[in-house]
Structures are given as C-alpha cells and as structure tokens.
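The values are calculated or read from the model by the stated rules, or taken from the named source; none is laboratory data. The shown structure was predicted, so the numbers you read here are calculated from the model rather than taken from an experiment. Positions of Cβ are backbone-derived with ideal geometry, glycine not excepted, and every protein chain shown enters the neighbour counts. With ligands, DNA and RNA removed, areas are computed over all heavy atoms of the protein, side chains included. Shrake-Rupley method; radii C 1.70, N 1.55, O 1.52, S 1.80 Å.
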Amino acid sequence: TDYLNGIVVGAFGKSLTTNNGGENWVSTIVTDDAYEPHLNSVYASNTMKSKNGTNLMFVAGEIGQVHISSDEGLSWNMVDTEYFGSLWGGISIDQKRKLLLGMAGKVLYVNFDDENLKDFSLDTLFIGIKNSLTDIKKLKNGNFIISGNGGVVTILDMENETTETCIRGDRLSNTSVIEISDDTYLLSGEKGFRVHSMRECQSNF
C-alpha cells in the first residue's frame, strides 16, 4: 500500500504483512480454507476502488479462488470463479471488469454486476496457446501484455478483440513483464532478466 506497509503471499495459504518496509513480517490470514490452497499473487488495483476510495487488493490462487480486500489487507472475502485450475495473476480493466490468468493459456474475463463484487458474469478469452500465464500489465497504448511459461509473450487488444502471440526462441519461462518503451519489454524468469521485442520475436519465429 505504501513504502512501509505491504503483504506477501505464497504456498499452502501462507500470507505475511509488514508495517516497517520489510524489516519484520507477521502472519496474517487471507484464507482459512482447510485445504490450504496456494496463493500465487497479490496486487492492488488503481481502477477498482472500495466505497471509501481506497484501492481494492486482490489475491489470485489455486482452485479458481480470488480474494478481495477493501481495507488494505486487514480482512478478505473470497470470490469463487468456478474455475478449478490455478490462477496466477490478474489486472483490473475498470471499476467492474477484470482479467485473470490461469493454467493452460486460460484468460478469464470477469464482469462484476454490482459494487459489492459478489455477482458477476464470466467468459473465457482464447489467445491461442496452452502455456500457463504468469503476469499481465497494461501498456501505455491501452493494450495488455501477458507473460507465460515456455517463452510465451502475448499482446491483448481488448478494444479490437485481437491478440498477438510470440513464443521466444529461448523457450525460457517468464514470471513477470514490464514495459520499458515502445516494443521494448523487460521479462523476468528462468535465468534472470531478458529484454524482449515483439517485432524481433516475430521476425525470428
């Protein structure tokens, strides 16, 4: 939430918070599910707001679970997407719409029907691959970039309903991606960091 207060999540339902910039960590509870599902990512939204104006926080995890906090991580409510695979991350499009990333190339498009984020419709976007997807970021031009296992990088254009996917020749799995400049992205994952260009990737495909 700021440079002092934060949260990390991990395997077997583990979650920790800090209020001193990571010097010390204490256990917290995102989920009390007896199954102890893995919690794969935590992120805040600057487009989805709580009623008091704070950024909503989300945790994506196993068995299609999404946990939402409207009080900066003090308490959490679970949304069951009815998807039984793992969710690895997501991003908010606006106040009511989200994209969630899953196994085997699964992209879930969630449209919440009310401000309480309880009732929603769910669709699956097909981007033409079967690799698990690990991270998604919004680009300066309004499109979204997605990283995945096995060298996958995808550009998703929601407005025109198109995708551009390239499998990198190194086939290394990517855990995250950020935009540096036009057609220049930084990937992290196997063997560290790599600079990526979609034009160069497509020309070498």
Verdict on Glu115 being among the charged types (D, E, K, R) and at pLDDT below 90: yes
Scan region 155-196 residue by residue and report those that are touching a Lys or Arg at 6+ places or on another chain (Cβ under 9 Å), among the hydrophobic types (A, V, I, L, M, F, W, C), open to solvent by less than 60 Å² (accessible area, probe 1.4 Å) and outside any loop (DSSP other than H, G, I, E, B). Val177, Leu186, Leu187
Of the listed residues (Thr18, Thr1, Thr81, Thr31), the one being over 27 Å from Ser132 (Cβ atoms) and open to solvent by less than 50 Å² (accessible area, probe 1.4 Å) is Thr18
Unique residue being assigned to a strand (DSSP E or B) and within 16 Å of Thr134 (Cβ to Cβ) when the list is Ala104, Ala60: Ala60
Of the conditions (1) part of a helix (DSSP H, G or I); (2) open to solvent by 50 Å² or more (accessible area, probe 1.4 Å); (3) closer than 27 Å to Leu39 by Cβ, Lys137 clears all except one; give me its number. (1)
